[in-house]
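For reference, the structure is listed below as structure tokens.
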Amino acid sequence: MIFVDIEEVGLRLSASWLASARKLKKDLAAAESAKDRARIIDENSKLWRELKADLAAVSHGKCWYCETRDHRSDNAVDHYRPKSSVKGTDHPGYWWLAFDYENFRFACTFCNSWRNGPDGTAGGKSDYFPVLAGSERAKGPDDILSEEIPLLIDPCSATDVALLWFDETGQVSANPRRVDLDNAGDEKVTTSTKYYHLDHVPLVEARRAVYAQILKLCDDADKAQRRWNASKQSSARDRYREAMNDLARSLKRTREYSAVAMCAIRSHRATSDSARIVFDFLNR
């Protein structure tokens with residue numbers, strides 16, 4: 001998962017789309033019953049579907065939750081806070097956010113829908129939205145959302161995204177450098193792994209492959225640097241430069257599982273000069 005700036009989506013919206021969303025929000029507020037609200041939401045679902053391409057564009061076509069780019073998947077516009085109901089509770093859903101683009105997330109099928117995988121794992125966000133025990137859940141438009149403590153990591157929150165860590169096995173865990181700064185950090189990572197299905201075996205294997213590729217690129221660059229230092233030949237210098245370019249390209253945010261690649265670089269700065277140099281360059 002990488003940080004996705006929801007303001008980039010806002011900049012893409014047309015005046016007509018925003019006007020339609022404002023009208024529907026007023027209609028929802030004026031609805032006389034939950035049944036009427038449900039009808040308004042169901043009849044106007046095309047409004048959020050119209051933004052699918054814009055949501056995909058700001059994440060380079062990758063799912064906001066897992067960074068998978070699957071052109072065969074029927075990717076969806078997910079409502080981070082469920083619009084119609086919250087599974088496992090009697091909550092009516094965050095209906096007042098149904099047409100609020102700041103509540104939209106671009107999600108792949110495995111992250112968005114509950115599935116039992118043949119690998120023995122199960123997960124998918126569906127209409128689940130757990131909050132920390134004791135946290136006050138918003139139940140209407142007059143409530144303050146910031147008083148909730150969601151247990152699902154939000155890709156639009158930089159501090160949330162920083163909680164995730166990936167190792168050489170492809171598994172997800174809590175970032176040891178960040179989790180102590182969030183009292184619910186460990187629980188957020190565990191809960192998000194379950195409901196975003198981040199432990200789905202094919203996904204874990206894909207992350208493992210990216211991590212291994214980064215280590216190989218670091219090793220290639222380190223060897224090329226040593227040959228250049230030893231020979232001082234221009235051909236060795238050019239090979240080193242190209243190896244470093246390959247490594248830098250592999251860390252671009254446009255790549256699948258770029259967060260995994262950054263974890264690999266962070267973990268190997270102490271033992272790899274190329275990892276240290278590239279990390280310093282990307283963070284200068």
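Worth a mention:
- Cross-link pairs beyond the 21 Å C-alpha cut-off, checked among K26/K87; K46/K194; K139/K194; K26/K52; K62/K194: K26/K87; K46/K194; K139/K194; K26/K52
- Accessible surface of the chain, 1.4 Å probe, proportion on carbon and sulfur as whole %: 48 percent
- Alpha-carbon gyration tensor eigenvalues x 5, square-rooted, for segment 68-132, Å: 22, 17, 8
- Bridging of K188 to lysines at a Cα separation below 17 Å is possible for K125, once same-chain residues fewer than 8 apart are set aside.
- Gyration tensor (alpha-carbon) shape descriptor, segment 163-223, a/c threshold 1.5: oblate
- Placing +1 on each Lys and Arg Cβ and -1 on each Asp and Glu Cβ, with no other charges, gives segment 28-115 a dipole about its Cα centre of roughly 260 debye.
- Pairwise Cα distances in segment 113-192 exceed 14 Å in 68 percent of cases.
- Where M262, M1 fall by accessible area, highest first, once all protein chains stay in place (1.4 Å): M262, M1
- Between the listed residues L198, P118, S231, the Cα displaced farthest toward the positive end of the dipole of segment 93-233, a dipole computed from Cβ unit charges relative to the Cα centre, is found at S231.
- On a per residue basis, segment 1-159 carries 50 Å² of accessible surface, using protein heavy atoms and a 1.4 Å probe.
- Divided by 2.2 N^0.38 Å, where N counts the residues, the Cα radius of gyration of segment 180-284 comes to 1.30.
- Dividing the mean sequence gap of close Cα pairs (under 8 Å, 6+ apart) by how many residues the chain holds gives a relative contact order of 17 percent.
- Taking the helices alone, the chain has a mean residue ellipticity at 222 nm of -13500 deg cm²/dmol, built from -39,500 (n - 2.57) per DSSP H run of at least 4 residues and averaged over all its residues.
- Residues of segment 251-277 with amide N under 16 Å of a point placed 7 Å along Cα→Cβ from Q233: none
- Interchain or long-range residues, amide H under 5 Å from A122's placed H: G117
- Cα gyration tensor shape of segment 25-140, rounded if a/c is under 1.5, else prolate or oblate by comparing a/b with b/c: oblate
- Judged by the ratio a/c of the largest to the smallest principal axis of the C-alpha gyration tensor, the chain counts as prolate, that ratio being 1.5 or greater while a/b is larger than b/c.
- Charged side chains reduced to their Cβ positions (Lys and Arg at +1, Asp and Glu at -1) give the chain a dipole of some 1080 debye around its Cα centre.
- Karplus-derived 3J(HN,Hα), 6.51/-1.76/1.60, for each residue of segment 90-106, Hz, glycine and proline x: 9, 5, x, x, 8, 4, 6, 9, 4, 10, 9, 4, 5, 9, 8, 9, 8
- Solvent-accessible surface (1.4 Å probe) assigned to R178 amounts to roughly 100 Å².
- Amide H contacts of L164: N175, each under 5 Å away and 5 or more positions distant or on a separate chain (H built 1.01 Å from N in the peptide plane; Pro and chain starts excluded).
- The accessible area of R177, taken with all protein chains in place and a 1.4 Å probe, comes to roughly 120 Å².
- Solvent exposure of segment 200-255, expressed per residue, is 58 Å² of accessible area, with all protein chains present and a 1.4 angstrom probe.
- A simple spin-label model places the labels of A133 and W17 4.1 nm from each other, with each point 7 Å out along Cα-to-Cβ.
- Inter-centroid distance (Cα atoms) of segment 226-284 relative to segment 132-180, Å: 31 Å
The values are calculated or read from the model by the stated rules, or taken from the named source; none is laboratory data. The shown structure was predicted, so the numbers you read here are calculated from the model rather than taken from an experiment. With ideal geometry, Cβ positions are generated from the backbone for all residues, glycine too; neighbour counts draw on all protein chains shown. Ligands, DNA and RNA are excluded from the accessible area calculation, which covers all protein heavy atoms including side chains. Shrake-Rupley method; radii C 1.70, N 1.55, O 1.52, S 1.80 Å.
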